[in-house]
Amino acid sequence: MLYPVAPLFHLFFVTGCAAFSSSVFDSSQTTRRSTFDSTAQYINVTGPHAFSPPGPNDMRGPCPGLNSLANHNFIPHNGIVSLTDSIDASFNIYGFATDFANLAGIIGYLYAGNLATLDLTYSIGGPPPGNVLSGLLGKPPGLSFTHNQFESDSSPTRGDYYQFNHNGYDLQLSAFTELYNLQKDSPNPNYDLDVLLAHRLTRYQQSIAENEYFYYGPVEMLFSSVTHFFIPGLMSNHSAEFPDGILSSEVLASIYGISSDPSTGALSYTRGHERIPDNWYRRPIGGGYSMVNTAADLARMAVYNPQLVAVGGNTNGVNTFAPLDITAFTNGVYNSAMLLEGSNAACFALQAAQQLLPAALQGVEGLVAGLLQQLDEALAGALSELTCPQMLGVDASMLEQYPGYTMTPHAV
Ligand code: HEM
């Protein structure tokens with residue numbers, strides 16, 4: 001099944017999806033009926049796509065997916081990527097569904113790119129060298145500096161922005177090691193969703209206890225949770241034996257740029273060396289990770305621990321987490337108990353994103369306004385895959401009780 005594609009990307013997706021139309025994945029179900037196609041799912045990382053580490057001027061940032069795509073020349077090696085290339089590679093190599101590829105690409109460009117030149121490229125790391133002030137949002141920041149717009153606290157392995165001196169993009173080895181150790185002693189390590197939910201809870205509790213400016217707004221809840229789900233969802237290796245995929249310690253470490261000392265087992269991180277391993281097979285063709293998958297994963301997260309969908313933030317130092325009053329924030333459309341049911345957590349976060357993301361870019365005109373329209377359509381497309389209560393607006397002023405929100409310019 002092909003999802004509706006925003007008009008801007010129509011031509012691209014008609015081309016991009018055609019090769020992958022033999023889907024056996026029923027995206028309306030959360031249980032897969034995967035079959036394995038070794039030829040179609042194989043990602044060849046030899047020849048022009050052999051691993052090549054970044055040079056000193058190449059951009060790398062908070063996303064292991066994009067970093068590895070750049071290291072294998074699936075997107076430009078310098079880490080300055082066009083909107084369409086980032087969508088294309090995420091779709092073709094890692095198996096994003098079109099809804100996610102569209103959303104991630106557009107949000108990436110809107111917050112990380114140069115809105116003054118509108119060249120539709122953005123850096124996957126820090127600001128591109130030599131850029132002048134854009135006048136709209138200042139220097140194009142690159143994905144590394146999109147705090148509380150895209151990059152969020154309580155990520156799987158990246159540190160919290162205010163806790164690590166405005167470095168929310170580098171892997172913190174302690175966080176990776178905590179994840180790694182969850183399966184280290186298992187006879188058959190597999191970093192599946194259950195493992196990642198345990199890690200997600202640890203990271204959330206750490207942020208409350210260690211980051212005085214922890215902000216876990218609706219959009220941040222969605223982004224930081226989804227990036228946990230991406231780990232089993234997109235990094236798993238597939239085979240005839242495991243058509244639904246399995247994520248081993250070796251594959252996890254490789255895509256995260258981590259090596260292990262053969263004699264001591266000690267882990268080390270080489271910044272920017274994220275690598276797709278040899279003999280790696282992506283998700284089933286046509287079975288891209290979509291918003292339907294996210295809604296199901298969020299629902300499982302809510303059952304695993306209801307705290308994890310209770311948005312809010314620290315209000316006055318560490319361990320002062322105050323949940324947002326969902327009823328007041330949504331004018332009574334949702335309440336906190338509803339977020340524990342079905343697709344409601346995903347519905348609420350996406351509908352809040354529809355209100356909050358464009359509001360942070362108020363006053364823009366021309367093509368940016370066109371892109372905001374595309375963003376709105378991409379969010380609406382993702383929402384149309386779910387059955388949601390109707391929410392017309394949010395009381396964004398209620399977010400001002402959280403210092404982590406007010407401290408970040410253009411936070412959402
Ligand atoms: C247009 C494409 C993409 C964009 C713009 C993008 C952007 C980002 C950003 C801004 C973050 C930081 C989020 C945070 O701090 O919570 C992130 C994290 C992440 N992304 Fe991507 N991404 C893209 C594609 C992918 C793909 C294809 C994968 C496949 C593996 C991926 C996997 C991840 C993971 C696992 C994280 C969490 C990193 C960690 O904290 O350990 N992303 N991405």
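Would a scan of segment 250-267 turn up a residue that is among the polar types (S, T, N, Q) and part of a helix (DSSP H, G or I)?
Yes, the conditions are met somewhere in segment 250-267.
Looking at Leu386, Leu356, which one is open to solvent by less than 40 Å² (accessible area, probe 1.4 Å) and in a helix (DSSP H, G or I)?
Answer to the check: Leu356.
Thr408 passes all but one of (1) in a loop (DSSP other than H, G, I, E, B); (2) under 22 Å from Ile87 (Cβ atoms); which number fails?
(2)
Output yes when any residue across segment 319-341 is under 24 Å from Arg200 (Cβ atoms), open to solvent by less than 30 Å² (accessible area, probe 1.4 Å) and in contact with a strand residue (DSSP E or B) (Cβ under 7 Å, 6 or more places away or on another chain), and no when none is.
So far as segment 319-341 goes, yes, one or more of its residues are under 24 Å from Arg200 (Cβ atoms), open to solvent by less than 30 Å² (accessible area, probe 1.4 Å) and in contact with a strand residue (DSSP E or B) (Cβ under 7 Å, 6 or more places away or on another chain).
Residues checked against (1) crowded, with 24+ Cβ neighbours inside 10 Å; (2) more than 9 Å from the ligand (Cβ to nearest atom); (3) within 23 Å of His228 (Cβ to Cβ); (4) modelled with pLDDT of 95 or more:
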| site | (1), (2), (3), (4) |
| --- | --- |
| Phe96 | yes, no, yes, yes |
| Tyr111 | yes, no, yes, no |
| Leu120 | no, yes, no, no |
| Gly130 | no, yes, no, no |
| His147 | yes, no, yes, no |
| Thr157 | yes, no, yes, yes |
| Tyr162 | no, yes, yes, yes |
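Residues are listed down the side, and each one gets a yes or a no for (1) open to solvent by 30 Å² or more (accessible area, probe 1.4 Å); (2) within 12 Å of the ligand (Cβ to nearest atom):
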site	(1), (2)
His228	no, yes
Asn237	yes, no
Glu250	yes, no
Ala253	no, no
His273	yes, no
Ile276	no, yes
Asn279	yes, no
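Using the structure shown, decide if Thr315 is over 21 Å from the mean Cα position of the chain (by Cα), buried (at least 19 other Cβ atoms within 10 Å of the Cβ) and of a type outside the set (A, V, I, L, M, F, W, C).
no
Which residue is farthest from Leu357 (Cα to Cα), if the candidates are limited to segment 140-156 and must be touching a residue at least 40 places away in the same chain (Cβ under 8 Å) and assigned to a helix (DSSP H, G or I)?
Among residues in segment 140-156 that are touching a residue at least 40 places away in the same chain (Cβ under 8 Å) and assigned to a helix (DSSP H, G or I), the one farthest from Leu357 (Cα to Cα) is Ser144.
If you go through segment 49-57 one residue at a time, do you hit one that is without any contact (Cβ under 8 Å) to a residue 40 or more places away in the chain and in contact with a helix residue (DSSP H, G or I) (Cβ under 8 Å, 6 or more places away or on another chain)?
Taking every residue of segment 49-57 in turn, at least one turns out to be without any contact (Cβ under 8 Å) to a residue 40 or more places away in the chain and in contact with a helix residue (DSSP H, G or I) (Cβ under 8 Å, 6 or more places away or on another chain).
Among the residues of segment 211-226 satisfying the criterion of being farther than 19 Å from Val394 by Cα, within 11 Å of the ligand (Cβ to nearest atom) and not hydrophobic (A, V, I, L, M, F, W, C), which is surrounded by the fewest Cβ atoms within 10 Å (Cβ to Cβ)?
So, considering only residues that are farther than 19 Å from Val394 by Cα, within 11 Å of the ligand (Cβ to nearest atom) and not hydrophobic (A, V, I, L, M, F, W, C), the one surrounded by the fewest Cβ atoms within 10 Å (Cβ to Cβ) is Ser224.
For the subset of segment 59-76 comprising residues that are open to solvent by 10 Å² or more (accessible area, probe 1.4 Å) and not in a loop (DSSP other than H, G, I, E, B), which member is nearest to the ligand (Cβ to nearest atom)?
Gly65
The values are calculated or read from the model by the stated rules, or taken from the named source; none is laboratory data. These figures come from a predicted structure and were not determined experimentally. Note that we place each Cβ from the backbone using ideal geometry, even for glycine, and neighbour counts take in every protein chain shown. Please note that ligands, DNA and RNA were not included when accessible areas were found on the heavy atoms of the full protein model with its side chains. Shrake-Rupley method; radii C 1.70, N 1.55, O 1.52, S 1.80 Å.
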